[in-house]
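*Asks:* Mind having a look at this structure? Questions to follow.
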Amino acid sequence: MGLKVPYVTSYLTEHCAEDDYVSLAGYEAKGGYRAAKKALGMAPQEVINLVKESGLQGRGGAGFSTGMKWSFMPQDSDRPKYLVCNADESEPGSFKDRLLLERTPHKMLEGILIAAWATGAEKTFIYVRGEYAFPADVVQRAIDEAYEKGILGPRCMGKSFAHDVVLMRGAGAYICGEETGLLESLEGKKGQPRKKPPFPAQYGAFGMPSTVNNVETFCHVPHIVDQGADWFRGFGTEKSPGTTLFGVSGHVVRPGLYELPLGTPLDEIIFEHAGGIPGGRKVKGVIPGGMSMPVLPAGQLDVPMANEYLRERQSMLGTGGIMVMDETTCMVRASCIITYFFRDESCGQCTQCREGTGWLNKIVNRLERGAGSEKDIDILVDVAGKMEGQTICAFADAAAWPVQGMIRHFRGDFEEHVRQQKCPFSGSFEL
Amino acid sequence: MVISEDTRAAIDSECAKYPQKRGGLLPAMHLVQKQLGHIAPETAVELAEIFDIRPVEVMEVLTFYNMFFSAPRGRHNVYVCTNLPCALRGSRTLLAQIESHLGIAAGETTEDGRISLGHEECLGACAYAPMLRVDETYHENLDLEKANQILDGLE
Amino acid sequence: MPTITVDGVQYEVEEGRTILQALDDLGLLMNGVDVPHYCWHPKLSIDGSCRLCQVEVEGMPKLQIACDTRVSDGMVIHTTTDRVKSAREGVMELLLVNHPLDCPICDQAGECKLQDYAYEYGALQARTVEPRRALKKKVDLGPTIVFDQERCILCRRCTRFCSEIPATGELGIFARGDHSVIETFPGMELDNPYSMNVADICPVGALTTKDFRFKIRVWFLEDVPGICTGCSNGCNIFLGVANNKVQRYVPRRNDSVNDTWICDAGRMSYQEIDSPSRVKASLVRGEDGVLEARPYAAAVEAAAARLRRLVESKGPGVIAGVASAHLTNEDLAVLKRFLEALPTESAGLPVPRGEADALLVKEEKAANAAGARALGFEDAAPLVERIRGGGVDGIVMLGHDLLDPAYLGGIEALQKLDTVIWIDTHQSDLRHVAHVVLPGRHAAEKRGTLTNHAGRVQHLQPAVEPTFEAHAEGETLERIGRALGLTGFGGDPAAGSPTASSRK
Ligand SMILES: Cc1cc2nc3c(=O)[nH]c(=O)nc-3n(C[C@H](O)[C@H](O)[C@H](O)COP(=O)(O)O)c2cc1C
Ligand code: SF4
Ligand code: SF4
Ligand code: SF4
Ligand code: FES
Ligand code: FES
């Protein structure tokens, strides 16, 4: 019952259509754990340098340099150090980690083992979103197998290096994807993000130095170690090397996952790989990187999918979840869903976020019903502005940006609701 | 004691995986819910005792996460994802149809206690919309007919 | 010590403090430098969630929360820039989006930080037509506190208080986002010896004490600084006075005595001031053995007459003085002088005792036991023996603590005494044996000093005037001494004496 095979593969997803790739034997048959063996023969600092040189950026949304993050882990500390694998994937429009968990669990474990060696971590907690019951089972089986074969445990791959991996399931809260919310949840608490500083590298899981990385981030690592930084930089752009898994959803002919180099133009992904818009309709807007990222209008789809280009268009790569909306789509309705989501998922600590997400949602709902005014649209912009950049975590930004994006590019949709006092798009999806 | 010995043993082995016992709280709550279907206040008190915390702390955690229930549910928890990618592919229409098929609204339980229906945020199946989550299982690429078939097959 | 610049003025501050703590240390917070804040409280852990305290720090691109940003040498902070103002306005407006704005019927009006800050730093209303969150209006949280969920701004002061100060942790926040609500565990109550402090720290009218709720509008109250007399901790308080009546006690911050807290028992002890059990009249026991009301001066004369007769018949040594740990140092000094002038060496200090805790509450349930001991009064146990053994014929009894089970345990031993002069604020069984009864003054009704368990001398000033004739105990002793013609008791008892008690 796993995910369907993606339509385009590269190194990351190369074998993931093969059922036995999920097993340790199948994985090893395709060269699995070769990189780990190599890494465990290198000095940890060398591994970190290699990952730095590769230019790998985190694939969890923020795009921070992975090698740099690893180097923040204290080197000569006798406190236990931990890794955390963020498999909470809950960003609407994102489903890439699920594929990797279900189809390439050993690749992720291999990446984890390499990172553990590089950072000196004694344990990894894999935090899988609660709803991913099946992926969690697959990963747990892979962990058990890795223990049985001595890849994990007191002497990893025969080396005098001990590493344990623990899988925990979340319980349904988007905010547990935010790394410090995740840490709280891991500690058996509400997933309310922590104030920073201190950062996880000083005060992470259970108060110990920790590094949090995304599932996909870990999956790139064995390839980098195996084939080198230059090889890795052969994919993608200069500033954003490597491939990534673009998840395409919404109004396309072939929704799915496409492993493509970073920097692949958005229109190429939508029209060539995902088959374009069904029924010969036109595209209206595209959210390029998961729900937190501002929408792009039809005229801007030539953008290469890498942060350095998306930023110029006031958006971001995020998780690479591409949501395509065709010309029938009411952007006010889309905004209703977006604002509802953030309202529902705010952890509720910060005033701006707790009250702002609710207010945005109420105003958008009222506009959608045709009971709003021009002034409401300005209030939306103003409130979103006041939520931005002022809170404990980036969730409030993530809630504000999409609203700003919608009004930036589709203010007309909002104004038309005001003018007609109803939704003017009869063919739009239903609320 | 409502928490069974088996569940209790499983909780203990979960706790052992974490540097602090409390790390085992979410796993414990999943286990308890598996045994009992929900976590009633009496159960929360027992959990609090196991973890050496106050009952109110268990309650805070219980009410923070969507997947924990403080009140009894139907035998099956059925969710339709209604987030944007699914909605673009008709999930909200499907939910409305399921509601009328079952004769209940999202958030309610059928009279025979068979199904609790709900809507959920994105479940990581956006490309295979619309979808249903039935207990721990995803059903993807659905239409009303397939959905009804699945629902009617539930005990 | 790092030097920081706040709005153009340089200050030396302590290392490791946050900006708000540093301003608080300097006594400048909301008193020269205004950084409005909700979640931060000087005696609770830093929460950093309300986001109201944002300030501009040079060199940092984003606004920083003053409550959780540590000072560093050379830090330049601005609290009044447009960016800061706009951020505050934003927070204020967002807090008002869901606030019921029922100020006219809200008990907190007048000391509500939402009302005040909205007026100072934001708009009085949010630009919203949306229905506000509908929640429970009158939640009975326990024996002392009522909770209005709609008014709560989720600053989490109350939850932190309960987990950090009494460490009882009754309160939690259930659900998340804008569904978050403060609750207790189903069926459990907010019930701890310090519970009522949550009403003081709640910045809005969400938590109110059952005792004070709807009693009187706070702007009718005059806050008179004073000391709680419930135990020897000597917690600093404000007595809220209206119509010559103490309506409540609230804590007055003193970091070396009680931080910002008082215990519930101490808080409720204001009720003793205007209690029906006050000794309100001067009484003298007549020939028929019945106590009769007499003018104060006549009662003083009667007391002096009985004592004089006893001194003349048996000598002053048979008279014992019983000090009270409730009295001021000044009252006690007069008692000491009185006994020396009689002269008698027979004296004792009964100290009422009870449970102590690790926080504020002390075992000695009187405010000035330490002061009394410092004046040379020793525990009353030997005196009790002497009374039981018949070595005492007359007693000048201040207060009634000698009746405690730890001492006499009742009036039996006093029944055979020739003379019992009793000066007290509150009724007791002593009225069955006293020959003269003279009303005393409560600490809220007089000037003077109290020495707490740690030897700290703290000042009292009169907050209310008794509605009946009552004089400070020292003053009454002064008058009796003068009537007896004791040396040193010639002056005007009210004028020069430190026990002078009338309010200006
Ligand atoms: C609201 C919010 C939700 C997030 N959700 C996820 C998530 O589901 N998965 C994830 O890997 N990172 C998520 N992140 C990013 C993490 O905080 C963190 O940056 C990431 O896990 C680091 O891994 P990386 O460096 O490998 O990307 C989220 C961040 C925010 C602010
Ligand atoms: S920004 Fe929102 S989600 Fe993040 S900590 Fe604040 S309230 Fe919670
Ligand atoms: S009840 Fe008062 S103190 Fe408690 S969180 Fe609400 S506003 Fe803050
Ligand atoms: S601790 Fe003692 S002094 Fe303080 S409030 Fe309570 S009774 Fe009064
Ligand atoms: S939106 Fe329904 S699974 Fe993602
Ligand atoms: S006072 Fe600083 S965030 Fe609340």
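The values are calculated or read from the model by the stated rules, or taken from the named source; none is laboratory data. The structure presented is a predicted model; accordingly, all values stated were derived computationally and were not measured. Cβ placement follows ideal geometry from the backbone for every residue including glycine, while neighbour counts extend to all protein chains displayed. These accessible areas exclude ligands, DNA and RNA; they are computed on the full protein's heavy atoms, side chains included. Shrake-Rupley method; radii C 1.70, N 1.55, O 1.52, S 1.80 Å.
*Asks:* Taking every Cα atom in segment A:19-233, find the radius of gyration and the maximum pairwise distance Dmax, and write them in Å.
*Replies:* Taking only Cα atoms of segment A:19-233, I get Rg and Dmax of 15.7, 45 Å.
*Asks:* Each label point is 7 Å from the Cα along the Cα-to-Cβ direction; what then is the distance between the points at C:Met30 and C:Ile216, in nm?
*Replies:* Distance between the two pseudo-spin positions: 2.3 nm.
*Asks:* For segment A:104-121, in order, what is each residue's ³J(HN,Hα) by Karplus, 6.51 cos²θ - 1.76 cosθ + 1.60 with θ = phi - 60°, in whole Hz (x at glycine and Pro)?
*Replies:* Listing the rounded values in order: 10, x, 6, 4, 5, 5, 5, x, 5, 4, 5, 5, 5, 4, 5, 9, x, 7 Hz.
*Asks:* For C:Ser163, C:Ser232, C:Ser313, give me the order by solvent-accessible area with a 1.4 Å probe, most accessible first, ignoring ligands, DNA and RNA.
*Replies:* The ordering from most to least exposed comes out as C:Ser313, C:Ser163, C:Ser232.
*Asks:* With no solvent and one point per C-alpha, what does the Debye sum give as log10 I(q)/I(0) for segment C:283-496 at q = 0.07 Å⁻¹?
*Replies:* -0.19
*Asks:* Under the definition of Cα pairs under 8 Å and six or more residues apart, what whole-number percent is the relative contact order of chain A?
*Replies:* Value for chain A: 16 percent.
*Asks:* Then there's this: Setting aside same-chain residues fewer than 8 positions from C:Lys314, which lysines have a Cα under 25 Å from its Cα?
*Replies:* Those lysines meeting the cut-off are C:Lys336, C:Lys416.
*Asks:* Could you state the per residue volume, in Å³, of the convex hull enclosing the Cα atoms of segment C:99-194?
*Replies:* Hull volume over Cα atoms, normalised by residue count, gives 127 Å³.
*Asks:* I'd like the accessible area for A:Arg369: 1.4 Å probe, protein heavy atoms, all chains in place, Å² to the nearest 10.
*Replies:* Roughly 150 Å² of A:Arg369 is accessible to a 1.4 Å probe.
*Asks:* At 222 nm, what value in deg cm²/dmol follows for chain C if DSSP H runs of at least 4 each add -39500 (n - 2.57) and the sum is divided by all its residues, to the nearest 500?
*Replies:* Result for chain C, helices only: -6000 deg cm²/dmol.
*Asks:* Quick one: check the C-alpha center-to-center distance for segment C:354-429 versus segment C:245-320, whole angstrom.
*Replies:* That distance is 13 Å.
*Asks:* A follow-up question, please. Give the Kirkwood hydrodynamic radius (Å, one decimal) of segment A:331-420, defined as one over the mean of 1/r across all pairs of different Cα atoms.
*Replies:* For segment A:331-420, the Kirkwood estimate is 12.6 Å.
*Asks:* How big is the convex hull of the Cα atoms of segment A:260-316, per residue, in Å³?
*Replies:* Considering the Cα atoms of segment A:260-316, their hull volume per residue is 77 Å³.
*Asks:* To the nearest 20 debye, what charge dipole does chain C have about its Cα centre, counting +1 at the Cβ of each Lys and Arg and -1 at the Cβ of each Asp and Glu?
*Replies:* So the magnitude is around 720 debye.
*Asks:* What is chain B's relative contact order, in percent, from Cα pairs under 8 angstrom and six or more apart in sequence?
*Replies:* 18 percent
*Asks:* For chain C, what is the relative contact order in percent, using Cα pairs closer than 8 Å and at least 6 residues apart in sequence?
*Replies:* Over chain C, the number comes to 11 percent.
*Asks:* Of B:Met67, A:Met208, which has the most accessible area and how do the rest follow, probe 1.4 Å?
*Replies:* Descending accessible area places them as A:Met208, B:Met67.
*Asks:* While we're on this one: Whole angstrom only: what separates the Cα centroid of segment B:132-155 from the Cα centroid of segment A:157-230?
*Replies:* 34 Å
*Asks:* As an exercise, use a Förster radius of 56 Å and the Cβ-Cβ distance of C:His459 and A:Phe72 to find the FRET efficiency, rounded to the nearest 0.05.
*Replies:* 0.50
*Asks:* For segment C:311-326, what does the Karplus curve 6.51 cos²θ - 1.76 cosθ + 1.60, with θ = phi - 60°, yield as ³J(HN,Hα) per residue in whole Hz, taken in order and with x for Gly and Pro?
*Replies:* My calculation for segment C:311-326 gives 4, 5, 7, 10, x, x, x, 7, 9, 10, x, 10, 7, 10, 6, 8 Hz in order.
*Asks:* Treating the angle as unsigned and between 0 and 90°, give the value, to the nearest 10°, between the Cα long axis of helix C:329-341 and the longest Cα principal axis of chain C.
*Replies:* Tilt of helix C:329-341: around 10 degrees.
*Asks:* Given the whole protein assembly as supplied and a 1.4 Å probe, what does the accessible area of C:Phe212 come to in Å², nearest 10?
*Replies:* 20 Å²
*Asks:* If you build a Gaussian network model of chain A, linking Cα atoms that sit under 10 Å apart, which residue out of A:Ala371, A:Ala201, A:Ala396 swings the most?
*Replies:* Maximum among the listed residues: A:Ala371.
*Asks:* Right, next: In square angstrom, rounded to the nearest 10, how much accessible surface does C:Trp219 have for a 1.4 Å probe?
*Replies:* The accessible area of C:Trp219 comes to roughly 140 Å².
*Asks:* Here is a follow-up. Give the value in nm², to one decimal: projected area of the alpha carbon convex hull of chain B, averaged over all directions.
*Replies:* Result: 10.0 nm².
*Asks:* Can I ask one more? Once label points are set 7 Å from the Cα along Cα→Cβ at both C:Lys138 and A:Gln227, what is their separation, rounded to one decimal in nm?
*Replies:* 7.2 nm
*Asks:* At 1.306 mPa s and 10 °C, plugging the Kirkwood radius over alpha-carbon pairs of the protein assembly as shown into Stokes-Einstein gives what diffusion coefficient in µm²/s?
*Replies:* 47 µm²/s
*Asks:* Could you tell me which of the pairs A:Lys69/A:Lys159; A:Lys69/B:Lys34; A:Lys38/A:Lys189; A:Lys362/C:Lys85; A:Lys38/A:Lys123; A:Lys81/A:Lys189 are separated by over 30 angstrom between their Cα atoms in the structure shown?
*Replies:* A:Lys69/B:Lys34; A:Lys38/A:Lys189
*Asks:* Put +1 on the Cβ of every Lys and Arg and -1 on every Asp and Glu Cβ in the protein assembly as shown; which of C:Gly110, A:Ser94, C:Ala242 then has its Cα farthest towards the positive end of the dipole?
*Replies:* Toward the positive end, the furthest listed residue is C:Ala242.
*Asks:* I'd like the distance separating the alpha-carbon centroids of segment A:98-131 and segment B:32-72, in whole Å.
*Replies:* Centre-to-centre (Cα) distance: 29 Å.
*Asks:* Apply 1/(1 + (r/R0)^6) to the Cβ-Cβ distance of A:Glu148 and A:Glu122, taking R0 = 25 Å, and write down the FRET efficiency to the nearest 0.05.
*Replies:* 0.80
*Asks:* On each of the three principal axes of the Cα atoms of segment A:218-341, give max minus min coordinate, whole Å, ordered largest first.
*Replies:* Rounded to whole Å, the extents work out to 47, 28, 23 Å.
*Asks:* Kindly give Rg over Rh for chain C, based on alpha-carbon atoms, with the Kirkwood expression for the hydrodynamic radius.
*Replies:* Result for chain C is an Rg/Rh of 1.08.
*Asks:* Given R₀ = 35 Å, FRET efficiency for C:Tyr119-A:Ser373 by Cβ-Cβ distance, to 0.05?
*Replies:* The value I calculate is 0.80.
*Asks:* For chain B, with a Gaussian network of springs between Cα atoms less than 10 Å apart, report the residue from B:Pro85, B:Pro41, B:Pro19 with the top mean-square fluctuation.
*Replies:* Largest GNM mean-square fluctuation: B:Pro19.
*Asks:* Name the residue, out of A:Tyr27, A:Tyr127, A:Tyr174, whose mean-square fluctuation peaks in a Gaussian network model built on chain A with Cα pairs under 10 Å.
*Replies:* Fluctuation is largest for A:Tyr27.
*Asks:* Here's another thing I want to ask about it. Students sometimes get this wrong: rank A:Lys196, A:Lys375 by accessible area, probe 1.4 Å, all chains present, largest first.
*Replies:* A:Lys375, A:Lys196
*Asks:* If you don't mind, another one. Could you run the Debye sum over the Cα atoms of segment A:89-132, one equal point scatterer each and no solvent, and tell me log10 of I(q)/I(0) at q = 0.20, 0.29 Å⁻¹, two decimals?
*Replies:* -0.73, -1.05
*Asks:* Okay, next question. With a cut-off of 16 Å, note down the residues of segment C:440-464 whose backbone N falls inside the zone around a label point 7 Å from the Cα of C:Ala406 toward its beta carbon.
*Replies:* Under cut-off, by backbone N: C:453-454.
*Asks:* Let me ask you something else. Where Rh denotes the Kirkwood radius from the mean inverse Cα pair distance, what is Rg over Rh for chain A?
*Replies:* Ratio of gyration radius to Kirkwood radius for chain A: 0.98.
*Asks:* OK, next. Just need log10 I(q)/I(0) for segment C:41-141 at q = 0.10, 0.13 Å⁻¹, Debye formula, equal scatterers on the alpha-carbon atoms, no solvent, rounded to two decimals.
*Replies:* At q = 0.10, 0.13 Å⁻¹ the computed log10 ratios are -0.37, -0.60.
*Asks:* For segment B:5-64, what value does the Rg/Rh ratio take when both radii are computed over Cα atoms and Rh is the Kirkwood radius, given to two decimals?
*Replies:* Result for segment B:5-64 is an Rg/Rh of 0.92.
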